[in-house]
Amino acid sequence: MLTELFTPSVQHALDLVGIFVFAISGALLAVRKNFDVFGIAVLAEVTALGGGLFRDVMIGAIPPAAFTDLGYFITPLFAAVLVFFLHP
């Protein structure tokens, strides 16, 4: 019964939420270090996707999951833009 709650679409949505949160943390660090908008976007992407990319390469999952879905790339960029424009 519990497995019915976590359908693939729910798992994907939760994965994107986690990526978004990690991207915000990377973008906030970039803002504190006075990076420009490109630096904020790069640090958000690396922070959000770095661990998963490393995991996929280490276990031999080629191509990594982050390269198979455009949402994995767009979500950190959206977080970086939000932090860039909304951070005081």
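Using the structure shown, decide if T47 is hydroxyl-bearing (S, T, Y) and surrounded by 13 or more Cβ atoms within 10 Å (Cβ to Cβ).
Values: hydroxyl-bearing (S, T, Y): yes; surrounded by 13 or more Cβ atoms within 10 Å (Cβ to Cβ): yes.
So T47 fits the description; yes.
Of everything in region 19-35, what is part of a loop (DSSP other than H, G, I, E, B) and either among the small types (G, A, S) or out of contact with any helix residue (DSSP H, G or I) (no Cβ under 9 Å at 6 or more places or on another chain) (or both)? Give them in sequence order.
Answer for region 19-35, where residues must be part of a loop (DSSP other than H, G, I, E, B) and either among the small types (G, A, S) or out of contact with any helix residue (DSSP H, G or I) (no Cβ under 9 Å at 6 or more places or on another chain) (or both): just N34.
So, in region 59-83, exactly how many residues are in a helix (DSSP H, G or I) and more than 16 Å from the chain's Cα centre (by Cα)? Reasoning before the result, please.
Of all residues in region 59-83, those in a helix (DSSP H, G or I) come to 59, 65-67, 71-83.
Of the ones still in play, those that are also more than 16 Å from the chain's Cα centre (by Cα) are 59.
Here the count works out to 1.
Starting from region 4-32, take each residue that is within 25 Å of H87 (Cβ to Cβ) and list its partners that are of a type in the set (F, W, Y), counting only C-beta distances under 7 angstrom and pairs at least six apart or across chains.
I19/Y72
Laboratory data are not the source of any read-out in this text; all were calculated from the coordinates shown. Since we're looking at a predicted model, the values are computed, not measured. Neighbour counts run over all protein chains shown; Cβ positions are idealised from the backbone, glycine included.
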